[in-house]
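A.B. asks: Provided herewith is a single structure, encoded as structure tokens, for subsequent inquiry.
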Amino acid sequence: MSSPQPATPGDPTPNLLQTMDYSIVQQCMHCGLCLPTCPTYNETGRERNSPRGRIALMRAVADGDLPLSRGFAEEMDYCVGCLACQTACPAGVEYAQLLETSRAAGEQAGLLASPSRSVYRWLGLRLLMTRPWLLRLVARLVAIQQQPAIRKTLYRIGAMWLAPKTLRDLEPLAPLIDPPFSDARIKPFESPRSKPVARVALLTGCVQDIAYARVNRATVDVLLASGCEVVTPRMQSCCGSLHAHNGDLDTAREMARRTIDQFDWQSEQAGPLSFAQLDAVISNAGGCGSHLRHYGELLKGDPAYAERAAEWDKKLRDAQEYVYEAGGWQPAACLASSAPPSPAASPAAKPRLTYDASCHLCHGQKVVNQPVELLKRLPGYQFVPLGESDWCCGAAGVYTMTQPEQAQKLLDRKLANLRIAKPDVIATANPGCMHQLRLACREDAELAGVRVVHPMELLAEAVSN
Amino acid sequence: MNQASPSPAPTHRRADHVLIERLRAIVGGDNVLTEPIDLAPYAFDGTAALKQTPACVIFPQQREQVAPCVAAITQAGVPLVTRGSGTGLSGGSLPIDGGVALVMTALDQILAVDTANLTIRVEPGVITQRVDQEAAKHGLFYPPDPGSQKISTIGGNVAENSGGLRGLKYGVTRDYVMGLRVVLADGQEVWLGNQCVKDVAGYNLKDLFIGSEGTLGVVTEVLLKLLPRPAARRTMIATFAQIESAAQAVSDIIARKIVPCTVEFLDQMTIRCVEDYASLGLPTDAAALLLLESDGHPAVVEEESAAMRQALSDNGATGIETAETEEEADRLRTARRAAFSALARVSPTTILEDVTVPRSELAGMVRFCADCAQKHRLRIGTFGHMGDGNLHPTFLTDERDADEMHRVELALAEIVTETLRRGGTITGEHGVGLAKKPFLRQQLGDASYELLRTVKRSLDPQGLLNPGKIFD
């Protein structure tokens, strides 16, 4: 075993795996404890489809023993990225960072490039997700298209057939746009009724903002009920997690800088956007939060931002985590519970509520018990556990699009567990998971009537009740 | 450790195209891997700093496919390494360069649970934890619980004779194997052992294969003994200012005719790492921490745990905590369960050792490890199974630092010598494999070392089954 060779002879530019911090791959002891938690290893039983197998491939590429090949890039693409392996890992390997670096190395070398893929990546990652105004403009147009009458007409007159096939296939699967967006629902600065105990900033996200702005509103309500002043910067951009997870680290860095720049870093000033005055920066989307907590690592090579990014990481909190620890949130008294489904006193008659953990919330951010503890306090519901709650539902960012077959297998497994839990309501704290479960429940005979919500929505309802 | 060269003797042939085609015909094309990108993740097991890439990896899908595979491989004169989940810690399942890796994970059927005779019959690829889960469905119990039980296979456990946390009261894998089906080097299949508790028909060949590390044959079926599941369990932890008093407390407990199911131990270095990692509120000035469990009939468990507490406090325990609920018990167990994780994340390379001494020598041995670390300027955290004397001195190091690795080797040699001086063994539960091969002759000084070779030669005359492991 040796330290990394700079590059194979004749290859002038070392790839990203050859220039990254080698001690991260070295931290893997290949003990195998990640294997039983890995969805793709469970599927195939082959080591290359497992975390330690992929790390072995990364190390082989870093050492120059294996070429950076299309097969390698496909393997990294096949990884769900659920990070269940990080929970299982005794040695604390930063798998997320390794995976992002490997995907970026593959993208830089253009190993998976095809003309249509390049166009969609450019449209999605570079054009739409870097321009918040454009994203919202497109969302408004899609919202019109999604009106049932208009949509039906568009199909009837054949206009939908003008769209490329890929878009046409995706159209029925697109999240339902739900205007008005966050800026219209949330004021730039909101104060609690009581004397404030803390000041926090809310990140409204990109997909979350156009499809689930009501979750952002609910989060503000719960934070206010917890005694927090809430600062919400306007017209927020994507945090860059989509870019980082999909091998575009340069854009991810740019989005991180923009996200940081939304705040006022001149600490003397005590305006609402002053970063120094904030007790926490709140994310309510599991996938985004998992990325947002690691700006320090992402920007460590950027002298202008390294220090701010490190400060940023210290203040970043998941909404459930923060509300649980702040302790101020309490549901309105049981007697006031006017929840429409069933106000009956016997627990068996209350609607059944279960929790499906977002992978990046529980494995990425290690926020595991807080959401469950909060949900158990809701007087109007009977909490029922969900088997394999911490097992990926298959949404996994864009995995349903990049690996539809494996995504479907994961979804089937999730649905089987849901049918056993027989919930009336499913709470999950990530827009991708919410969307995946809503679509799937709608199509499922046994789960068709199930309501899929973000925990913050239920917490907010309990306050307003 | 990398001082052992796993290179095969020159007579071995590489798996060629002809053999690979034959294997494809037996197990199906999809179940034979030959591409470098598929092979690289099979070039290691759970042992640090060892790497050997096989020429092909095959996955039999049915038990009946194993014998023809073995025959084809040995007829071609190619070395064969059998592998389960590849979690071994001595390099036992490390492939041979150019050889065939026979991976048994697809053979994972539970064949039968016999509640009248308290046995379970399984294929070798069944995950260890699943054996106990199946037993639990019938109110039964499979005690061996190696640290990798969530992913290790029962076939691998048999090959390495794995232990676990319950060795003192319940023994190790060997104590539960009643029968084995084994494919020999020439492809013949034999059944060894019997489902009867009493069976003295012929030599006890079954025991020869348990712990043989894949050097004598390939296990294709295992018949395991089960026990009634204990109805109650009580968990406690105790801390001590002196390692000797912890050891004396354990001796006293056993002298009072109590055999706890678990007596686990952490030294000061490990306690500190666990506390840094998991913030459990452990006293970081304690020299030793013990985790003890009693299990069995509820009344007996009550009686035993009271007596255990008494023995702990008689020996000056600085703190004793007994769990009142299962959640509390779980929290107490975290201290021990987190030990390896806590140590492993301290440095890039973690080398987990496995020396074992008689219980009476344990305190002295732990102290020796700590002194040895200081002498060689190394970080060694020691934890392990106090009940059965099995220690895991864990070296926290960096394989890129040649000077430090040299000091690791010196320290390891001294620890091994001291272990043997105290009447111990170089490996309690991980096996010899490659990592302990250089030390085996030191332990087997008399004709027994040569006897191993005689056995090997008679069962594997061509020397193709996991060659170069245990001894040359």
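Throughout, read-outs are computed from the coordinates displayed, never taken from laboratory work. Predicted model only: the values in this text are computed from it and were never measured. Reconstructed Cβ throughout: ideal geometry from the backbone, glycine too, with neighbour counts over all protein chains shown.
A.B. asks: Treat the count of other C-beta atoms within 10 Å as a stand-in for reagent exposure and order A:W265, A:W312 from fewest to most.
C.D. replies: Working: A:W265 15, A:W312 23.
Fewest-to-most Cβ neighbours within 10 Å comes out as A:W265, A:W312.
A.B. asks: For chain A, what proportion of DSSP beta bridges, expressed in % and rounded to the nearest 5, is antiparallel? Present the calculation step by step, with values, prior to reporting the outcome.
C.D. replies: On the way: 2 of 22 bridges.
Beta bridges within chain A, antiparallel portion: roughly 10 percent.
A.B. asks: Given H placed on each backbone N at 1.01 Å, which residues far from B:L107 in sequence or on other chains put an amide H within less than 5 Å of it?
C.D. replies: B:G125
A.B. asks: Under 23 Å from the Cα of B:K375, which lysines turn up, not counting those fewer than eight places away in the same chain?
C.D. replies: Reachable lysines: B:K436.
A.B. asks: Within 10 Å of each residue's Cβ, count the other Cβ atoms and sort A:T37, B:T47, A:T219, A:T13 from fewest upward.
C.D. replies: The most exposed by this proxy come first: A:T13, A:T37, B:T47, A:T219.
A.B. asks: Can you tell me how the range A:114-329 classifies by the Cα gyration tensor, rounded, prolate or oblate, using a/c under 1.5 as the rounded cut?
C.D. replies: It comes out oblate by the Cα gyration axes.
A.B. asks: Please list, in order, the residues from the range A:102-128 whose amide nitrogen is less than 17 Å from a point placed 7 Å along the Cα→Cβ vector of A:S69.
C.D. replies: Hits in the range A:102-128 for A:S69 at 17 Å: A:106-107, A:109-113.
A.B. asks: How large is ³J(HN,Hα), in whole Hz, for each residue of the range B:340-354 in order, when computed from phi with the Karplus curve 6.51 cos²θ - 1.76 cosθ + 1.60 and θ = phi - 60°, using x for Gly and Pro?
C.D. replies: Here the 3J(HN,Hα) series is 5, 4, 4, 6, 5, 8, 6, 9, x, 10, 10, 10, 9, 9, 8 Hz.
A.B. asks: What's the angle, to the nearest 10 degrees (0 to 90), between helix B:402-421's Cα axis and the longest principal axis of chain B?
C.D. replies: Between the helix axis and the principal axis of chain B, the angle is about 80 degrees.
A.B. asks: Could you compute the net charge surrounding A:G296? Neighbours are other residues with a C-beta less than 11 Å from the C-beta of A:G296; K and R count +1, D and E count -1.
C.D. replies: Residues close to A:G296 contribute a combined charge of -1.
A.B. asks: For the range B:232-331, what does the alpha-carbon gyration tensor say about shape, rounded, prolate or oblate, given a ≥ b ≥ c as the root eigenvalues, a/c under 1.5 as rounded, and a/b over b/c as prolate?
C.D. replies: Oblate, because a/c is 1.5 or more while a/b does not exceed b/c.
A.B. asks: In terms of the Cα gyration tensor, with a ≥ b ≥ c the square roots of its eigenvalues, is the protein assembly as shown rounded because a/c is under 1.5, prolate because a/b exceeds b/c, or oblate?
C.D. replies: Since a/c reaches 1.5 and a/b is larger than b/c, the shape of the protein assembly as shown is classed as prolate.
A.B. asks: Mind sorting A:R257, A:R126 by how few other Cβ atoms lie within 10 Å of their own Cβ, fewest first? Write out the running numbers ahead of the final one.
C.D. replies: Working: A:R257 18, A:R126 14.
In order of increasing Cβ crowding within 10 Å: A:R126, A:R257.
A.B. asks: Ok, one more. Excluding same-chain residues fewer than 8 positions from B:K206, which aspartates and glutamates have a Cα within less than 15 Å of its Cα?
C.D. replies: B:E160, B:D175, B:E189, B:E221
A.B. asks: Please give the length that would be gained between A:R442 and A:A184 if that part of the chain were fully extended, namely 0.36 nm times their separation in residues minus their C-alpha to C-alpha distance (nm, one decimal).
C.D. replies: That works out to 90.0 nm of additional length.
A.B. asks: Okay, helix-only estimate at 222 nm for chain A: each DSSP H run of n ≥ 4 adds -39500 (n - 2.57), divide by all residues, round to 500 deg cm²/dmol; what do you get?
C.D. replies: -12500 deg cm²/dmol
A.B. asks: State the antiparallel share, in %, of DSSP beta bridges confined to the protein assembly as shown, rounding to the nearest 5.
C.D. replies: Within the protein assembly as shown, antiparallel bridges account for around 70 percent of the total.
A.B. asks: Quick one: Karplus J couplings for the range B:429-443, per residue in order, coefficients 6.51, -1.76, 1.60, θ = phi - 60°, nearest Hz, x for Gly and Pro?
C.D. replies: In residue order, the calculated couplings are 8, 8, x, 7, x, 9, 5, 9, 4, x, 9, 5, 4, 4, 7 Hz.
A.B. asks: What are the lysines whose alpha-carbon lies under 20 Å from the alpha-carbon of B:K169, with same-chain residues fewer than 8 places away excluded?
C.D. replies: The reachable lysines, counting only those whose Cα sits under 20 Å from B:K169, are B:K225, B:K257.
A.B. asks: Could I ask something else about it? How much net charge surrounds A:W391 when only the other residues with a Cβ under 14 Å from the Cβ of A:W391 are counted, with Lys and Arg +1 and Asp and Glu -1?
C.D. replies: -2
A.B. asks: Explain nothing, just compute: Karplus ³J(HN,Hα) = 6.51 cos²θ - 1.76 cosθ + 1.60, θ = phi - 60°, for every residue of the range A:143-153 in order, whole Hz, x for Gly and Pro.
C.D. replies: 3J(HN,Hα) across the range A:143-153, in whole Hz: 4, 5, 4, 7, 4, x, 5, 5, 4, 4, 5.
A.B. asks: Another question about this same structure. Can you give the FRET efficiency to the nearest 0.05 for B:I254 and A:N42, using r as the Cβ-Cβ distance and R₀ = 41 Å?
C.D. replies: With a Förster radius of 41 Å, E is 0.45.
A.B. asks: Further question on the same structure: Quick check: net charge around A:P351, other residues with Cβ under 13 Å of its Cβ, Lys/Arg +1 and Asp/Glu -1?
C.D. replies: Neighbour charge sum, excluding A:P351 itself: +2.
A.B. asks: If you don't mind, another one. Restricting the count to DSSP beta bridges whose residues both fall in chain B, what percent are antiparallel, rounded to a multiple of 5?
C.D. replies: Here the share of antiparallel DSSP bridges comes out near 90 percent.
A.B. asks: Also, quick follow-up: Could you give the semi-axes, largest first, of the ellipsoid that matches chain B, computed as the square roots of 5 times the alpha carbon gyration tensor eigenvalues and rounded to whole Å?
C.D. replies: Whole-Å semi-axes of the equivalent ellipsoid: 38, 27, 19.
A.B. asks: In the range B:366-472, what trypsin sites (Lys or Arg not before Pro) fall in a loop by DSSP, with at most 12 other Cβ atoms inside 10 Å? Don't jump to the answer; show the numbers that get you there.
C.D. replies: Values: sites: B:R367, B:K375, B:R377, B:R379, B:R400, B:R407, B:R421, B:R422, B:K436, B:R441, B:R453, B:K456, B:R457, B:K469; in loops: B:R377, B:R400, B:R422, B:K436, B:K469.
Hits after loop and neighbour filter: B:R377.
A.B. asks: Here's something else I'd like to know. Rounded to whole Å, give me the distance from the Cα center of the range B:360-427 to that of the range A:183-246.
C.D. replies: Cα centroid of the range B:360-427 versus Cα centroid of the range A:183-246: 54 Å apart.
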